[in-house]
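Asker: Pasting in a structure now, in structure tokens, and then I'll have a few things to ask.
The values are calculated or read from the model by the stated rules, or taken from the named source; none is laboratory data. A quick note: this is a predicted structure, and the numbers were derived from the prediction, not measured. Here the Cβ is made from the backbone with ideal geometry for all residues, glycine too, and neighbour counts use every protein chain on show.
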Amino acid sequence: MATISIPAGAAQLPGELTIPPKARGLVLFAHGSGSSRFSRRNQFVARALEQRGLATLLIDLLTPDEEAVDQHTAHLRFDIPLLANRLVAIVDWLKRQPQTQPLLVGLFGASTGGGAALMAAAARPDDVAAVVSRGGRPDLAGDALPTVAAPTLLIVGGDDTPVIAMNRDAMRRMRGQVSLEIVPGATHLFEEPGTLERVAMLAGDWFGQHLQAPARAP
């Protein structure tokens, strides 16, 4: 694991990049409102993906100063265009680095990060190969939804009734490949026994399928 800092406009965003040997794809995490790269749930999923041979990048989408302001105002965490633009800048950075440039990139968004991930995927259709949203708010991607080309998996807790409805509404607006998985007995944060493990398995299967690099011609 390497601690890195990625420029996004005038901001410098701290992150943790892990590249297993012979990595066959990279998953960039977009955490939810009020969370950070230290999110216990995202860290859990990241470790599970690494065991499947996928590189991971857990990164803060707000600077420390912005986080301090957001703790009082809570407005930046819902600024989906800002968060999506930061994700786009990170994707662009990954495509310029020798160690990550060859890897297909997937986005894993949680809560409001799900909307930001979909908006970023719409902005970079050639660079984002797959999206997974956990307890996400895809509805917050708004007019970007119909232009998302990346295969998308929406994972929602079975007891998270309002978010299930939001995800189903978003699906109806999407034209690309999209699937909905409802995890029985899970609430919004997937704190119930076995539910986060289920998320990690579903995400691993999805990214394993869609982040396979095409075979090179001899």
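Asker: Report whether or not residue 107 is of a type outside the set (Lys, Arg), closer than 20 Å to residue 13 by Cβ and in a strand (DSSP E or B). Step through it out loud before you land on a result.
Answerer: Working: of a type outside the set (Lys, Arg): yes; closer than 20 Å to residue 13 by Cβ: yes; in a strand (DSSP E or B): yes.
Yes, satisfied.
Asker: A further question on this structure: Go through the stretch 184-215 and give me each residue that's within 18 Å of the chain's Cα centre (by Cα) and among the hydrophobic types (A, V, I, L, M, F, W, C).
Answerer: If the condition is that a residue be within 18 Å of the chain's Cα centre (by Cα) and among the hydrophobic types (A, V, I, L, M, F, W, C), then 189, 190, 196, 199, 200, 201, 202, 203, 206, 207, 211 are the ones that fit.
Asker: Continuing with the same structure: Please list, ordered by residue number, the strands (runs of 3 or more DSSP E) wholly in the stretch 1-83 having 2 or more residues that are among the aliphatic types (A, V, I, L, M), modelled with pLDDT under 95 and under 16 Å from the mean Cα position of the chain (by Cα).
Answerer: Numbers: elements: 2-8, 11-18, 26-30, 55-59.
The strands (runs of 3 or more DSSP E) meeting that bar number zero.
Asker: Do any residues in the stretch 186-206 that are under 18 Å from residue 162 (Cα atoms) have Cβ atoms under 6 Å from those of residues that are of a type outside the set (S, T, N, Q) and assigned to a helix (DSSP H, G or I), where the two are at least six apart or on different chains, and which pairs are they?
Answerer: 190/196; 190/199
Asker: From the list 156, 105, pick out the single residue that is touching an Asp or Glu at 6+ places or on another chain (Cβ under 8 Å), hydrophobic (A, V, I, L, M, F, W, C), in contact (Cβ under 8 Å) with a residue 60 or more places away in the chain and within 15 Å of residue 203 (Cβ to Cβ). Step through it out loud before you land on a result.
Answerer: Values: 156 fails: in contact (Cβ under 8 Å) with a residue 60 or more places away in the chain.
Result: 105 is the single residue among 156, 105 that is touching an Asp or Glu at 6+ places or on another chain (Cβ under 8 Å), hydrophobic (A, V, I, L, M, F, W, C), in contact (Cβ under 8 Å) with a residue 60 or more places away in the chain and within 15 Å of residue 203 (Cβ to Cβ).
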